Amino acid sequence: MTTRLREVDVVIVGLGWTGGILAKELSEAGMRVVALERGGMRGTNPDFAIPQIRDELKYAVRNHLMQNPARDTLTFRHSPTEPSLPMRQLGSFLPGEGLGGAGVHWNGVTWRWTGIDHAARSYYEQRYGKSFIPSDMPIQDWPMTYAELEPYYDKFERTAGVSGKAGNIRGTKQTGGNFFEQPRDRDYPLPALEPSYSQILFNDATAQMGYHPFPRPCANASRAYTNPDGSHLGACVYCGHCERFGCEANAKGSPHITVIPKAMAQPSFELRTHSWVTKVMLDSTKKKAIGVAYTDVSTGEEYEQPAAIVALCAYAINNVHLMLLSGIGTPYDATTQKGIVGKNYCYQPGGGGVTLFFEDRIFNPFMATGAFGIAIDDFHANDQFDRAAMSALGGATINVGQSNGRPIGYRPVPAGTPRWGAAWKKATAKWYLRAMNIGVTASNMPNRYNAYDLDPTYKNVFGQPLLRLTYNFLENDKKVIGYVAQKAAEIARSLKPASMTGPGMLGDYNIVPYQSTHNTGGAIMGSSPGNSALNKYLQSWDVPNVFVLGASAFPHNSAYNPTGPVGALAYWTADAIKTKFRNRPGLMT
Amino acid sequence: MRGADVEKGKALFEQCAACHSVDGSGDLDGPSLKGVVGRKAGSLEDYRYSAAMKRSDVTWDATTLDKYLTDPQAFIPGNRMAFAGIVDKSERDDLIAYLTVATK
Amino acid sequence: MKNKNRRDFLKTVGTVGATGIAAAVGGDTSVAGQSPAGSPAGRVLLDPAGGPVSHAYTFLTAPEAAFIEAAVDRFIPADDLTPGGTDCGVAVFIDRQLAGAWGSGDRTYMQGPWQKGVPTQGYQSPLTPAEFFRAGIAATNAYCRKTLQKDFDRLTVEQQNKVLQDMEQGRVTFEGTVPAQEFFNLLLGTAMQGFFADPIYGGNRDKAAWKMIGFPGVIAIYSEHIKTYRNKKYDVEPKSILDLS
């Protein structure tokens with residue numbers, strides 16, 4: 001039996017960064033908001049307290065803060081001609097579950113995407129001609145400019161306590177910041193963190209080669225900070241347990257210590273945990289959502305929550321899944337290239353990195369933060385970088401982070417070392433402290449076959465079809481990695497290591513080893529219903545009282561991590577709902 | 001030598017504010033500091049402390065607070081506070097002066 | 001140190017911690033001197049701190065335990081750096097993992113239908129990890145009996161290394177459901193988890209693996225050290241969750 005509940009103004013599906021921002025902004029504006037979170041309640045104390053939070057096996061290997069694939073997962077194949085099989089265990093990416101979502105266990109890298117990202121098609125057409133873009137690469141411009149989003153980036157950076165150094169304040173270049181940065185209104189709220197030894201070496205080497213190194217912006221607080229909402233963040237202690245862990249020092253910008261408590265303080269806000277939304281309910285016209293259906297997974301009871309606005313904030317993958325399960329928009333068919341929902345899935349190619357081994361240098365890899373690092377953008381945000389030389393679109397950042405030295409996962413040894421036995425032990429003991437990595441993070445352009453749809457065979461615990469992911473790395477990705485990896489190798493050689501491994505070649509996508517939780521696309525935004533599922537306010541063209549937040553809206557993936565624009569767009573959408581939609585519900589223009 | 005500056009100490013307390021209140025307000029991650037001066041470490045009934053803190057046999061006063069705030073892990077090894085300490089002696093003096101007044 | 005046997009090593013290394021293992025397993029009260037070295041299951045050794053430490057197993061049968069002990073001692077041979085894998089608790093770790101939630105298929109999508117798939121699609125076996133291990137051990141022993149007339153744990157060290165290398169390189173094919181290379185990778189991966197995880201799980205006894213590489217463990221407050229330990233070794237006695245609990 002299904003219990004029908006009293007109607008509210010807004011129902012939010014998933015309470016991570018985007019849901020938390022909406023929950024706070026809309027409940028503070030007096031709207032009645034209910035958030036449905038499929039996972040449990042959690043907080044810094046006791047859930048992320050020392051010493052238990054330092055349990056690498058539990059959190060980093062067994063993924064205890066993440067989605068449980070036994071309940072729901074997706075199936076995966078490289079191309080439409082292959083059988084798609086379930087991702088039975090998490091690996092390549094780690095969607096969150098529980099209060100705060102992946103915003104609890106992220107590393108904290110917080111970029112603003114660039115003008116090239118906003119003008120993904122027009123930039124290449126103008127500079128290189130239409131024929132430079134392969135016919136099977138459906139890239140498109142964002143429906144808003146960087147300048148329009150700038151105040152919202154600023155707002156997110158201040159909420160999350162981002163540490164960094166501006167490179168361009170209102171058109172004036174700033175020494176020490178990113179030379180290629182788009183103009184920003186003011187500097188980051190916090191100064192950059194103290195660099196590691198490896199980062200100093202990289203900084204000096206790249207500067208000497210004429211590149212433009214700068215500290216990577218990150219939501220690891222370089223000192224104690226009180227954000228504009230009055231939320232307190234502690235100072236980062238460089239513990240090396242960011243990604244896959246919650247922060248015991250409240251030093252990582254996370255929704256559970258910022259926006260969510262502010263929403264919870266509002267009488268018009270209600271949180272329901274263990275509430276798994278199975279469907280957005282539409283009326284008979286299929287053009288209006290009337291609420292959501294959900295199951296309390298702690299009792300098995302089923303509910304309907306009517307609402308005037310439905311906001312899908314359930315992580316990029318799950319948003320697309322819910323749209324397809326609910327019949328919102330037309331599903332994309334890669335064969336006919338008709339339809340929209342599921343289109344332009346993108347990810348984050350890596351594999352161009354280099355590990356450097358030094359006889360006489362000590363890096364202490366365990367003194368680390370999730371996101372601090374030195375980066376160069378000369379092969380990415382630099383619009384003068386000649387893509388014709390690599391005959392590919394996009395680019396890659398070259399970075400030295402130092403995110404952790406946790407020993408189950410981090411044990412660098414030179415190429416040719418056995419994986420076990422006496423020689424392996426000797427090499428592991430020798431090189432653990434004496435290795436550093438230079439990473440290459442590449443953009444990912446869409447391809448007509450890289451897409452989601454519903455799987456015809458496999459089901460989740462609710463008996464619903466799993467999402468099916470068809471995806472592989474393609475020619476463009478291999479060229480970008482191949483080109484930029486050689487630049488990374490040149491930088492590495494200039495440091496004169498005793499030996500180095502890599503760079504590797506980008507092969508087929510493998511869903512087993514962790515790469516990044518940067519799954520983008522599937523419910524993309526654009527200028528018209530013909531090219532997108534969502535308009536510029538992340539509002540469904542087909543069902544205008546449904547908003548779909550998160551990286552599912554990105555028509556391609558940048559070399560930059562997604563959380564910066566994810567947060568900025570959440571504030572942007574919240575603003576549009578408060579100032580436009582609330583007064584005049586319907587499709588906004 | 002200058003005297004301790006309560007106002008400066010109040011500003012320095014921002015380093016603590018993510019987890020502690022001086023007046024018992026809020027439901028924060030660390031124990032309330034209300035009445036901390038003169039209190040036995042690990043003794044608030046409604047807070048679950050680490051075994052290290054409970055075993056510490058420390059009573060908080062200007063001297064012990066100074067030692068703890070210099071390097072919390074050195075003074076009470078294995079305690080759960082995720083804080084590196086304050087290197088600058090005059091900053092510690094300011095903070096302790098503030099705590100002494102504000103937590104009464 | 002190289003030629004010393006395990007018990008001598010354990011008696012001579014005096015450190016703190018690890019007594020929790022004995023308390024957690026308990027049961028067997030025999031002492032080290034009465035137990036032949038290398039006997040597979042239910043053996044008790046002296047803890048570095050002086051108390052008895054059980055190598056009792058809950059999931060593994062005696063022949064399976066013998067297999068796992070031999071394998072982890074090949075992966076992590078005793079040398080100047082650490083005791084062997086078994087004496088570091090790695091076999092006990094694997095046993096507890098197989099007996100626990102992970103071994104039973106926790107956080108794993110277990111619904112059919114099942115197809116073999118390609119390696120880039122990941123784990124596709126209908127077996128839980130514990131069942132997979134059990135079948136893998138049986139298949140390895142069957143292979144060893146067929147080619148070398150003995151179970152894996154009865155082979156010489158050289159023979160054991162050769163079998164493991166052949167499995168790793170994909171040079172052997174097992175009869176039955178478990179692919180040799182896939183089993184090898186799971187076995188090696190789980191052993192490495194045991195060697196390097198916090199000692200609360202039974203492996204990495206006496207934080208031997210952390211000491212070997214210089215990982216300081218779990219307090220990890222480095223706000224000052226990030227500046228003061230650039231290109232400088234941070235030498236401390238590592239701390240584990242076990243130490244702080």
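The values are calculated or read from the model by the stated rules, or taken from the named source; none is laboratory data. Keep in mind that this is a model prediction, so the values were computed, not measured. For neighbour counting, all protein chains shown are included, and Cβ atoms are generated from backbone atoms with ideal geometry for every residue, glycine included. Areas reflect the complete protein model, heavy atoms only, side chains present, ligands, DNA and RNA absent. Shrake-Rupley method; radii C 1.70, N 1.55, O 1.52, S 1.80 Å.
Quick notes on this one:
- Each part reduced to its alpha carbon centroid, the range A:466-518 and the range B:59-104 end up 47 Å apart.
- Under the span-like rule (Cα at least 15 Å along the axis, Kyte-Doolittle mean at least 1.0), DSSP H helices of chain A: A:316-326
- For A:ARG468, nonlocal amide neighbours, meaning residues 5 or more places apart or on other chains whose placed amide H falls under 5 Å from its own, are A:THR75, A:ASP453, A:LEU454, A:ASP455.
- Share of carbon and sulfur in the accessible heavy-atom surface of the range B:6-102 [1.4 Å probe, %]: 52
- Volume per residue that the Cα convex hull of the protein assembly as shown spans, once the total is divided by residue count, Å³: 177
- The length gained by stretching the chain between A:SER499 and A:VAL461 to full extension, at 0.36 nm per residue less their Cα-Cα distance, is 8.7 nm.
- Each semi-axis of the equivalent ellipsoid for the range A:235-346 is √(5λ) with λ an eigenvalue of the Cα gyration tensor; in descending order they amount to 32, 22, 13 Å.
- Long-range HN-HN contacts of A:ALA307 with modeled amide H, under 5 Å: A:VAL8, A:GLY291, A:VAL292
- What the phi angles of the range A:520-537 give under the Karplus curve with 6.51, -1.76 and 1.60, with θ = phi - 60°, is a coupling list of 10, x, x, 9, 7, 9, x, 8, 7, x, x, 10, 7, 8, 10, 8, 5, 9 Hz, glycine and proline written as x.
- The modelled label-to-label distance for the pair C:ASP235/A:ASN168, using points 7 Å beyond Cα in the direction of Cβ, is 5.0 nm.
- Considering every alpha-carbon pair of the range A:156-274, the percent of pairs per 10 Å bin, from zero through the bin containing the longest distance, is 13, 35, 31, 15, 5, 1.
- Rounded to the nearest 10 degrees, the angle from helix B:89-102 to the longest Cα principal axis of chain B is 70 degrees.
- Restriction of the chymotrypsin sites (Phe, Trp or Tyr not before Pro) in chain B to DSSP coil positions whose beta-carbon has at most 14 other beta-carbons within 10 angstrom yields B:TYR47.
- Backbone N atoms of the range A:166-190 closer than 13 Å to the 7 Å Cα→Cβ label point of A:GLU150 belong to residues A:167-173, A:181-187.
- Equivalent ellipsoid, the range B:6-102 (semi-axes from 5 times Cα gyration tensor eigenvalues, Å): 19, 16, 12
- Ranking of A:GLU243, C:GLU158 by solvent-accessible surface, largest first: C:GLU158, A:GLU243 (1.4 Å probe, protein heavy atoms only, all chains present).
- Projected-area mean, the range C:120-193, by convex hull of Cα positions, square nanometres: 5.2
- Rounded to the nearest whole Hz, the Karplus-based 3J(HN,Hα) values (6.51 cos²θ - 1.76 cosθ + 1.60, θ = phi - 60°) of the range C:223-236 follow the sequence 4, 8, 5, 4, 8, 7, 10, 6, 6, 9, 6, 9, 9, 9, with x at glycine and proline.
- Accessible-area loss of 40 Å² or more (1.4 Å probe, protein heavy atoms, chain alone versus all protein chains) is found in the range C:106-152 for C:ARG107, C:THR108, C:TYR109, C:GLN111, C:PRO113, C:GLN115, C:THR120, C:GLN121, C:TYR123, C:GLN124.
- Note on C:GLU175 and A:GLN384: the model spin-label points, each 7 Å out from Cα along the C-beta direction, lie 7.1 nm apart.
- Each label point was placed 7 Å from the Cα along the Cα-to-Cβ direction; for C:SER104 and A:ALA265 their separation is 4.3 nm.
- Normalised by residue count, the range A:362-471 yields a Cα convex hull volume of 220 Å³ per residue.
- Contact order normalised by residue count of the range B:6-102, Cα under 8 Å, 6+ apart, percent: 33
- Net charge of Cβ neighbours under 15 Å - reference C:PRO119; Lys, Arg +1; Asp, Glu -1: -1
- Computed from backbone phi, the HN-Hα couplings of the range A:68-83 come to 8, x, 4, 8, 7, 8, 9, 9, 9, 8, 7, 8, x, 8, 9, x Hz, rounded to whole numbers (Karplus: 6.51 cos²θ - 1.76 cosθ + 1.60, θ = phi - 60°; Gly and Pro given as x).
- Computed about the Cα centre, the dipole magnitude for the protein assembly as shown is approximately 720 debye when only Lys and Arg (+1) and Asp and Glu (-1) carry charge, each at its Cβ.
- Take the accessible area of C alone and of B alone, subtract that of the pair with a 1.4 Å probe, and the total buried over both chains is about 500 Å².
- Taking all protein chains as they are arranged and a probe of 1.4 Å, the heavy atoms of A:ARG54 leave approximately 10 Å² accessible to solvent.
- Distance from the alpha carbon centroid of the range A:154-185 to that of the range A:242-307 works out to 32 angstrom.
- Heavy atoms of A:LYS288: accessible area, 1.4 Å probe, square angstrom to 10: 110
- Qualifying GluC sites (Glu not before Pro) in the range A:282-374, DSSP loop, other Cβ atoms within 10 Å at most 10: A:GLU359
- Cα centroid separation - the range A:388-435 against the range A:368-383, whole Å: 18
- Note on the protein assembly as shown: dipole from Cβ charges, positive end direction compared against B:GLY38, A:ALA523, A:MET588; the farthest Cα belongs to A:ALA523.
- A:THR110 contributes about 0 Å² of solvent-accessible surface, heavy atoms of the protein only, 1.4 Å probe.
- Per residue, the accessible area of the range B:6-102 comes to 50 Å², computed with a 1.4 Å probe over protein heavy atoms only.
- Cα-based values for the range A:43-147, radius of gyration first and Dmax second, are 20.2, 57 Å.
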